Amino acid sequence: MHPALVLASQSPARASLLERAHIPYRAIVSHVDEDALVAAETPETPPQTALLLARAKAEAVAALPEAEGRLVLGCDSVFELDGAPYGKPYEPDVAIERISAMSGRTGTLHTGHWLVDARTGEASGNGLICSADVHFASMTREEIEDYVATGEPLQVAGSFTLDGRGSQFIERVDGDPNAVIGLSLSTLRTLLAGVGIRASSWWGAAVQGGAQ
């Protein structure tokens with residue numbers, strides 16, 4: 001039996017959150033060109049950027065035959081510092097520059113969530129944003145370079161993680177820490193309730209079949 005929920009993401013962190021919550025799912029990558037979409041749509045704020053990308057991912061996967069008749073969740077995270085959005089740095093020099101700017105300061109991580117209900121003939125969707133303030137410790141240049149050299153911050157929004165090496169540089173999170181990791185489970189619960197689903201009703205299926 002296929003799980004009812006499809007995660008439109010290849011993020012191991014988001015997958016791990018669903019697994020720890022015993023929510024059965026299947027992951028399907030959306031292949032959305034994030035940079036091209038943001039350039040075309042030009043969202044005005046970092047939260048709008050996060051929701052735009054989450055929606056695009058969910059809708060792209062919902063259109064695939066594999067997602068027919070299922071619920072599709074898209075997520076995307078954008079870090080905001082001084083009003084500017086920061087996605088994935090990709091390059092070490094960019095990551096070093098960004099983390100240096102974050103050192104000893106506070107920024108906000110916005111995670112957009114978009115749920116498409118494709119259980120009927122005509123798919124419909126709804127979205128929510130969950131934001132959390134992240135307080136960073138002061139970091140030395142050597143610590144920043146050591147961290148970037150691991151490769152961990154290169155493929156994550158804001159150039160840091162809360163569930164990996166980067167956690168030692170985070171002093172406090174004000175808000176849902178799961179949103180900082182990439183998927184707010186309480187926000188997902190709200191979106192599912194909006195389409196008449198209790199995630200807790202899936203726990204039996206998760207125990208029997210596991211995530212697929």
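The values are calculated or read from the model by the stated rules, or taken from the named source; none is laboratory data. The model shown is predicted, which means the values in this text are computed figures rather than measured ones. Ideal geometry is used to build each Cβ from the backbone, glycine not excepted, and the neighbour counts take in all protein chains shown. Heavy atoms of the whole protein, side chains included, go into the accessibility calculation; ligands, DNA and RNA do not. Shrake-Rupley method; radii C 1.70, N 1.55, O 1.52, S 1.80 Å.
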## Note on the structure
In the chain, whole DSSP H helices that both stretch 20 Å or further along their axis by alpha carbon positions and average at least -1.0 on the Kyte-Doolittle scale are 46-62
#### Entry: Low-density loop positions, trypsin sites (Lys or Arg not before Pro), segment 133-209 - DSSP coil, at most 15 other Cβ in 10 Å
Arg198
### 3J(HN,Hα) from dihedral phi, segment 64-71, Karplus parametrisation 6.51/-1.76/1.60, rounded to Hz, x for glycine, proline
7, x, 5, 9, 4, x, 10, 9
### Computed over segment 3-200: relative contact order in percent, which uses C-alpha pairs under 8 Å that are six or more apart
21
### Message
Give me the percent relative contact order of segment 35-77, please, defined on Cα pairs under 8 angstrom at least 6 residues apart.
### Response
39
### Selection of trypsin sites (Lys or Arg not before Pro), segment 77-124, meeting DSSP coil and at most 16 other Cβ within 10 Å
Arg105, Arg119
### Query
Rounded to two decimals, what is Rg over Rh for the chain when you use alpha-carbon atoms and the Kirkwood radius?
0.99
### Query
Carbon and sulfur atoms: what percent of the 1.4 Å accessible area of the chain do they account for?
49
### Query
In segment 68-169, which chymotrypsin sites (Phe, Trp or Tyr not before Pro) fall in coil by DSSP and have 15 or fewer other Cβ atoms within 10 Å?
Tyr90
### Task
Could you provide, to the nearest whole Å², the per residue accessible area of segment 3-200 with probe 1.4 Å?
46
